[in-house]
Structure formats: structure tokens, C-alpha cells
1. In whole Hz, with x marking every Gly and Pro, tabulate ³J(HN,Hα) for region 256-265 from phi via Karplus 6.51 cos²θ - 1.76 cosθ + 1.60, θ = phi - 60°.
2. Check which residues have an amide H placed less than 5 Å from residue 120's amide H, if you skip close sequence neighbours.
3. Efficiency by 1/(1 + (r/R0)^6): what FRET value for residue 352 and residue 314, r their Cβ-Cβ distance, R0 = 51 Å, to the nearest 0.05?
4. If we sort 167-179, 124-136 on the protection proxy, mean other Cβ atoms within 10 Å, highest first, what's the order?
5. What is the distance in Å between the Cα centroid of region 274-303 and that of region 362-426?
6. ³J(HN,Hα) across region 165-179 via Karplus (A = 6.51, B = -1.76, C = 1.60, θ = phi - 60°), whole Hz, x for Gly/Pro?
7. How large is ³J(HN,Hα) for each residue in region 182-196, as worked out from phi by the Karplus curve 6.51 cos²θ - 1.76 cosθ + 1.60 (θ = phi - 60°), to whole Hz, x for Gly and Pro?
8. Assuming R0 = 41 Å, can you tell me the calculated FRET efficiency for the pair residue 261 and residue 344, based on Cβ-Cβ distance, to the nearest 0.05?
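The values are calculated or read from the model by the stated rules, or taken from the named source; none is laboratory data. As the structure is a computational prediction, the values presented were derived from the model and not from experiment. Note that we place each Cβ from the backbone using ideal geometry, even for glycine, and neighbour counts take in every protein chain shown. These area figures cover heavy atoms from the full protein model, side chains too; ligands, DNA and RNA do not enter into them. Shrake-Rupley method; radii C 1.70, N 1.55, O 1.52, S 1.80 Å.
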Amino acid sequence: MKRNLLKTHICIVMVAVLLMLNSSVIFAQTSSKEKVDVTIKTERQLRNFLDDVSRGNSYTGKVIKLAKDIQVDCNGTNTWTLHSAGNGKNIFAGTFDGSGHTISGIVAYDGNDKGMQSGGLFGSVAKSGTIMNLTIEKCNYASKDKSFAMIAGENYGTIKNCKIKDCKITCGMWASGVTGNNHGIIEDCTADVAITFGCYSVAGITTFNYGKILNCSFGGSFSDYAFTGTQYMEVQAIDIAAYNNGIIQNCFGYGKASLTNNKSAHYTITCFADEYKSIVRNCYYSEEVSDGAYRAFQGIIDNVQACTLEEMQSKTFVEKLNRTKGNSLAWMLNGEQEYPVHVDVNEVTFSLLDAKKGYVKSSCSYAANGDTVKLTTYLNKKYKLKKIVAKTASGKKVRLTKGKNGTYTFKMPNEKVIVTTSVVKK
């Protein structure tokens, strides 16, 4: 392994732009006028919802919110049937908000034979679709000839702030930790998946990237096996994206691989890249556990650095990640894990105000501890504000600072905030 694999193309202007980006966390606008269309609290409700998506309900424009952690019961024959991807009939086009909750315990085998091979919790996410604030933990997907990813087979939309923890995938080819094919945005995601596979290439985040992978990391493992009656073949395992025809930015990997064929290899950032479309920027790898950042690269490379595993576990490395993260979530060392993780975010919600009287809008629906959140009141001309109060989920009052034109700001605490507004006639 050689440390001089990298051919650096300096993009000074782009780096300067990144450094000037606002670092606040903004996922979506939230107001008292919005409502949750589907609330999921039980395994049965989750199964019913996903079955509805597989039958063709796209949930376009709808908000689906997970209200509790869900432990799936897959004992006996009650195994999960994952939905096929990309057949044009089961594309999810709404917003699935995990609200920081966890889905765990799914045991999934070969299921739906229709459509493309790759599938996950969702088959395909449309351009208008979003999966966010979700943790998938202790789930096990297995198939001889199909491909699995933990969240979605195909993503044309946004997968944001999702965590894959202590999961397993065993399949023939093209397995991925987050999504099989990415044409959209994967941002602020971390994956800890043990992937066992038989041929071609697999990846910790996505196998095929045609979109953007921003501020993500992989810390799982790879191992290969031979199909019955066949010989081992050359394979590649890649922490971030096996094939890159898009942008990989501010990502790092520390995954480990156990590959039996001496022609096989493990790379951190990507394996193959398009000469005209591939961009890799501000990414980090370790030659202690990989064969380098990539196998063959053509495109733009800016600031791809080799690090030791010890360096990746340091405050200096966290500071380096946070300097170039742009609008993405910040990283931190939390004491429980050796490597950097994203800061936690919490929700800003509202007690509903009669729509005839007006509404209140927040600058962000989720924010990290210490972020400044701005509230703006919009009232019917017949009404005036009587009181606006912000409290944490545990009942502690949050200090509001009054601004101009009906605006208020507060510093986000490390828990959910509920804003209550009362108005009176003029």
C-alpha cells in the first residue's frame, strides 16, 4: 500500500465557499399550520404503512412520524418481506420522520420477486421523498441472489441523519449499508453494518452514487464467501461508494475487511469513478485497515488525506471535519464510541393555534444543542399576540429574546421544545 496514491487537484475557490457556509441545522420549515398525516407507534402500524407503500400508495406530500421505538418480532415464520425497488409502483414520495427513534429486530429474507433486485426498509424513495432522523439497529437481511440495503434500494430524494447500528447483510452482490443506488442526497448518516457477500462490489454507504454523499462515515466490516459449486472471484469492498459518478464530501471510513482472494481489495472512499462526473472532497482514510482511498480515480480530488486510526479518534480530527462540514451536522466525540459521531438534534414543535387567527413558523424543525432558533409570528390583522412561551419536553422554560416584526429567538437545549402561543382580539 502506498501513501502516494492520491492525485490532488486543488480547488481553492470551492474550499473557500464551504468555509463560508452557515453551519446551522435546518431540515425543514415547521409551523403550527402543518400536521402529521400518519403517526406510527406499533409494529403492526409500521407493517401496515410499508405494505401500503408496496401496494402503490406513494404518500406524496404526506408526513409520517415515528412516535416510539419499535422492536420488531421476527420469531418463527414471522419474517419481514422487504419491498422490491424501482418497479415504478411502490416509490415513496412523502417524508418519513423517525424523530430520533429506533426500528430494531427485523429479520428479512428473499421476499418480493418483482421489480429490481435491491430493496430495503423502503423499495425506492422519490425525488420529493425524505427519510430522516431514523436509527436502524440489530437488523439482519439475507438473500442468495438479491441485493439489500438497510434503508432503501434506490434513493432519488434525501436520506438525512440516519444511523445504522449493529446490523448484518448477507447476499450475493451489491449490498449497501444505507441505499443500493443513490441519485439524490445522503447526508449526516453513519453505518455500522457487517456485510458478507459473494461477488462484485459492496459498500458501506451506497454501491452506486450518482448524487451526493455528504458528511457520512462507515465503521462496519466486510467478508466474502463462495457460492456453492463456484470458485471465489475478485471482489471489492468500499466504505463509502463502490462506484462514484457524483459527489462524495466530508466523509471518512474505518471499516475492516476479511477478503479471501488475494486479488480482492478494500478501499475507503470509492473503487471506480467517472472521469467527468466524479468529485471527492475533504475525505479521510486509513491504510492501517484499507488498501487506500480508491482503486482507480478520474475526476476532481481535493483534500483526500491518509490518517491513522488513532488520529481519527482525536479532537483534532473532529475539528478538521467540522471546519469543512458546510450546512451538515457537526461531529463530536461522545465517550461511548471511539470514532466521531454526529451531535444529537431535537425537535421544535407547536401547540396548535386556530388557523383563522394565524400561525407561528420556526427557522428549523430540528436543531442541535446550542443552535439559535428563530420563531416568526404571522397573525390575522384582527388579532394581536397575548403570550408566546417555549418549554422543554420536561417542562423547563426556555428563554425567548424578542426581535423585530414579531420574531423571537432562543438557544436550543438538549431536548425537545414545545412552543405555545395565545392571541386576543385587538
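1. 10, 10, 10, 10, 7, 8, 6, 8, 6, 8
2. Under 5 Å from the amide H of residue 120 lie the amide H atoms of 83, 149, 153, each far enough along the sequence or on another chain.
3. Working: r = 46 Å, r/R0 = 0.91.
Rounded to the nearest 0.05, the efficiency is 0.65.
4. Numbers: 167-179: 25.2, 124-136: 22.9.
Most protected by this proxy first, the peptides run 167-179, 124-136.
5. Taking the Cα centre of each part, region 274-303 and region 362-426 sit 44 Å apart.
6. 10, 6, 10, 9, 10, 10, 7, x, 7, 6, 5, 9, x, 10, 8
7. 10, 10, x, 10, 10, 9, 6, 10, 10, 9, 10, 10, 9, 10, 10
8. On the way: r = 41 Å, r/R0 = 1.00.
Here the calculated transfer efficiency is 0.50.
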